[in-house]
1. Mind checking which pairs have a first residue in segment 115-128 that is farther than 10 Å from Ile94 by Cβ and a second that is outside any helix (DSSP H, G or I), Cβ under 7 Å, 6 or more apart or different chains?
2. Output yes when any residue across segment 29-45 is at pLDDT 90 or above and crowded, with 20+ Cβ neighbours inside 10 Å, and no when none is.
3. May I ask you to list the residues in segment 101-130 that are under 19 Å from Lys60 (Cβ atoms), open to solvent by 60 Å² or more (accessible area, probe 1.4 Å) and among the hydrophobic types (A, V, I, L, M, F, W, C)?
4. So in segment 131-148, with the set limited to residues that are open to solvent by 60 Å² or more (accessible area, probe 1.4 Å) and touching a helix residue (DSSP H, G or I) at 6+ places or on another chain (Cβ under 7 Å), which one is nearest to Phe96 (Cα to Cα)?
5. Can you tell me which of (1) in contact with a Gly (Cβ under 7 Å, 6 or more places away or on another chain); (2) open to solvent by less than 80 Å² (accessible area, probe 1.4 Å); (3) over 18 Å from Ser82 (Cβ atoms) is the one Ser159 doesn't meet?
6. Would you pick out the residues in segment 103-122 that are over 13 Å from the mean Cα position of the chain (by Cα), polar (S, T, N, Q) and either within 14 Å of Lys42 (Cα to Cα) or assigned to a helix (DSSP H, G or I) (or both)?
7. From the list Gly151, Gly89, which residue is out of contact with any Ser or Thr (no Cβ under 7 Å at 6 or more places or on another chain) and either more than 30 Å from Asn10 (Cβ to Cβ) or crowded, with 18+ Cβ neighbours inside 10 Å (or both)?
8. May I ask you to say which residue of Ile57, Ile51 is at pLDDT 95 or above and either open to solvent by less than 30 Å² (accessible area, probe 1.4 Å) or at positive phi (or both)?
Amino acid sequence: MMQSHIKSINKVAYLGVLLAFSLILSYLDSLLMFFSSIPGVKLGLANLSVIVCLYLIDYKYAFILSILKAVLSSLLFGSAFSMIYSLGGAFLSIFFMIIFYKINIIHIITVSIIGGVFHNIGQLLVAIFILKDTSILYYFPILMISGLLTGAILGFVASIVNPYIKKIISIGGNL
């Protein structure tokens, strides 16, 4: 009984660290403007923390982290309006990432790509709903390429850092 309580406390503590990390990455992402010539396209660096959480802590905590990241980063570095888009992307992205993660035969890079692509699909669906105009679908190919590339980059980075983070977690307290 006590052991499971300690594991829950550890998970919440790691969730807090990953949330702080995601907010730092969100800020960095807002400064970089890597794809500044393409409106609405960012690297999505903060999603690295979601991927790490999904693979090293728990899918439920990854869901919570994804939503908290969307809300807090919008409040800190965006607007209430950007929060709507961010939440639309976050919900769809984490939903499909969890599904493919649970299949357990798909590599972390592929799960990350799925997250990037569905994040952009979620934001596009929100835009169609808000604007009540489907002509925005012309932007679909650009968003798919963006989601594929950024998802692959973040998945690759996660595949490299996860073993090191797992080692740190095992020293600091097992999950």
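The values are calculated or read from the model by the stated rules, or taken from the named source; none is laboratory data. Because the structure is a prediction, the values reported are computed rather than measured. Cβ placement follows ideal geometry from the backbone for every residue including glycine, while neighbour counts extend to all protein chains displayed. Only protein heavy atoms, including side chains, enter the accessible area calculation; ligands, DNA and RNA are left aside. Shrake-Rupley method; radii C 1.70, N 1.55, O 1.52, S 1.80 Å.
1. Between residues of segment 115-128 that are farther than 10 Å from Ile94 by Cβ and residues that are outside any helix (DSSP H, G or I), the close pairs are Gly116/Gly44.
2. yes
3. Matches in segment 101-130: Ile103 only.
4. In this case the residue turns out to be Leu148.
5. All conditions are met except number (1).
6. The answer is Thr110, and nothing else.
7. Step by step, each of Gly151, Gly89 is checked, and only Gly89 is out of contact with any Ser or Thr (no Cβ under 7 Å at 6 or more places or on another chain) and either more than 30 Å from Asn10 (Cβ to Cβ) or crowded, with 18+ Cβ neighbours inside 10 Å (or both).
8. Ile51
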